[in-house]
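Trainee: I am attaching a structure below and will ask some questions about it afterwards.
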Amino acid sequence: MCRSSFKYNLTFIVLFFGITLIHAGDEGEETSTNDIKLYYTEWSVPCRSVMMIGKMLDIPFEMIELDLKKRDRYDSEYENINPLRKAPVINDNGFILWESRAIMVYLVQKYGANHQLNLYPANLQIQANINKMLQFDMGTLTLAFNNLYGMWALYKSPKTEYKQTKLLDAFQIFDTLLENQFAAGNSLTLADVALFVNIITIEAAGEINLNEYKNINFWYTKCNTLLTNYKNVNTIGLNIIRQKTEDRKKEDKDEMVEGLVYNSDFLKAISTLVRGVQSQVISSEYLYHFKSLETRLLLLR
Ligand SMILES: N[C@@H](CCC(=O)N[C@@H](CS)C(=O)NCC(=O)O)C(=O)O
């Protein structure tokens, strides 16, 4: 009796652990996330969109920060990873993928099946709408923001009226598109995550006043609540954007003052205005301002 029970227990133990080990092996192969490398930079909107998805799905990325101003992205190693030499890029156990929106879809399809937030529902038409909004985000909103703000912040390219109008048009279209509760229907999806990261960045850059767009503002408030546990991946990046904006504004102001002080055409114009007042062509009420401006410019030289 005792012997047979011992034999029975032994068989049970062997079977139990055997099955557990086989099961663990299966699981390890299908859902192991240990080796996903993410090449990123903090200030980048596409990188932070991927980081948000990583945080939402608990994907333990091995984070590899790139300094896009330095030469590390010109290394042949990095060029093999992304011929465009841009970030983000993931390396999922040898599978390399770039383009943030493709990465987001891949990660959600691979690791997000059981997540409480159904970020990429199986319905074909919902997926098509998500893809549409991801394209709108990249091809219209991001494009307009980069042309206006990115070019100004990184390359001192002036913010022309044309570029400003393009961004305002993009906001207006987004506001109209948000007739449903969320970007691609009535629940939060990948499209909202991507657009949310973009909009908080544009706001940090000082290029949008959310109060001017009723639907965007309403949508933003809802996303902000739903994403509250994940959005802190943006903190460092947004602070970099805010600082960059302040620094660039100061540079612009300094250059403007320098331009006025050393531009003799401008000084000549002021002197002409002073003469205009003296010869009674221009009302004498302006004399004080013209004179003090002329004196100030001469003193600054
Ligand atoms: N469409 C790409 C854009 C990638 C992109 O432009 N990344 C920027 C950072 S936001 C970059 O790497 N810039 C470096 C460069 O253009 O040389 C994506 O969504 O991943």
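Trainee: If you go through region 252-281, how many residues are within 24 Å of residue 156 (Cα to Cα) and of a type in the set (Val, Ile, Thr)?
Mentor: 2
Trainee: Suppose we keep only residues that are assigned to a helix (DSSP H, G or I) and of a type in the set (Val, Ile, Thr) within region 260-286. Which one would you say is farthest from residue 301 (Cα to Cα)?
Mentor: Initially, region 260-286 is screened for residues assigned to a helix (DSSP H, G or I), giving 260-262, 264-278, 284-286.
Restricting the remaining residues to those that are of a type in the set (Val, Ile, Thr) gives 261, 270, 272, 274, 277.
Details: 261: 6, 270: 15, 272: 19, 274: 19, 277: 24 Å.
Top of the filtered list is 277.
Trainee: Here's a follow-up. Consider region 53-74. How many of its residues are surrounded by 12 or more Cβ atoms within 10 Å (Cβ to Cβ), in a loop (DSSP other than H, G, I, E, B) and within 14 Å of the ligand (Cβ to nearest atom)?
Mentor: So the answer is 2.
Trainee: Let me ask you something else. Within region 144-199, can you find the residues that are outside any loop (DSSP other than H, G, I, E, B), within 25 Å of residue 127 (Cβ to Cβ), among the small types (Gly, Ala, Ser) and modelled with pLDDT of 95 or more?
Mentor: Narrowing region 144-199 to residues outside any loop (DSSP other than H, G, I, E, B): 144-155, 161-177, 182, 185, 190-199.
Cutting the leftovers down to within 25 Å of residue 127 (Cβ to Cβ) gives us 170, 173-177, 182, 185, 190-199.
When the remaining residues are screened for being among the small types (Gly, Ala, Ser), the result is 170, 185, 191, 194.
Scanning region 144-199 gives 170, 191, 194.
Trainee: Now for a separate question. Within region 137-161, how many residues turn out to be within 12 Å of the ligand (Cβ to nearest atom) and β-branched (Val, Ile, Thr)?
Mentor: 1
Trainee: A further question on this structure: Give the number of residues within region 224-247 that are crowded, with 16+ Cβ neighbours inside 10 Å and touching a residue at least 40 places away in the same chain (Cβ under 8 Å). Spell out how you get there, then give the answer.
Mentor: Taking region 224-247 as the starting set, the residues that turn out to be crowded, with 16+ Cβ neighbours inside 10 Å are 226-227, 230-231, 233-234, 237-238, 241, 244-245.
In the following step, the residues that additionally are touching a residue at least 40 places away in the same chain (Cβ under 8 Å) were identified as 226-227, 230-231, 233-234, 237, 241, 244-245.
Summing the residues that are crowded, with 16+ Cβ neighbours inside 10 Å and touching a residue at least 40 places away in the same chain (Cβ under 8 Å) in region 224-247 gives 10.
Trainee: Still on this structure, I have one more. Taking region 83-99 as the region of interest, how many residues are near the ligand (Cβ under 7 Å from one of its atoms) and not in a loop (DSSP other than H, G, I, E, B)?
Mentor: 1
Trainee: Now for a separate question. If I ask for residues that are acidic (Asp, Glu) and surrounded by fewer than 14 Cβ atoms within 10 Å (Cβ to Cβ), which ones from region 253-301 would you list?
Mentor: Those that are acidic (Asp, Glu) and surrounded by fewer than 14 Cβ atoms within 10 Å (Cβ to Cβ): 254, 255, 258, 265, 285.
Trainee: OK, next. Name every residue in region 35-52 that is assigned to a helix (DSSP H, G or I) and either touching a strand residue (DSSP E or B) at 6+ places or on another chain (Cβ under 8 Å) or within 13 Å of the ligand (Cβ to nearest atom) (or both), in order of residue number. It would help to see each step written out before you state the result.
Mentor: So in region 35-52, the residues assigned to a helix (DSSP H, G or I) come out as 45-52.
Those that are assigned to a helix (DSSP H, G or I) and either touching a strand residue (DSSP E or B) at 6+ places or on another chain (Cβ under 8 Å) or within 13 Å of the ligand (Cβ to nearest atom) (or both): 45, 46, 47, 48, 49, 50, 51.
Trainee: Go over the candidates 141, 117 one by one and state the one that is within 22 Å of residue 223 (Cα to Cα) and at pLDDT below 95.
Mentor: Numbers: 141 fails: at pLDDT below 95.
When all the criteria are applied, what remains is 117.
Trainee: How many residues, within region 106-136, are more than 12 Å from the ligand (Cβ to nearest atom) and assigned to a helix (DSSP H, G or I)?
Mentor: Step one: of region 106-136, the residues more than 12 Å from the ligand (Cβ to nearest atom) are 106-133, 136.
Then keep just the ones that are assigned to a helix (DSSP H, G or I); that gives 106-111, 124-133, 136.
Adding up the residues that qualify gives 17.
The values are calculated or read from the model by the stated rules, or taken from the named source; none is laboratory data. Because the structure is predicted, anything quoted here is derived from the model rather than measured. Quick reminder, even Gly has a Cβ in these numbers, built from the backbone with ideal geometry, and neighbours come from all protein chains shown.
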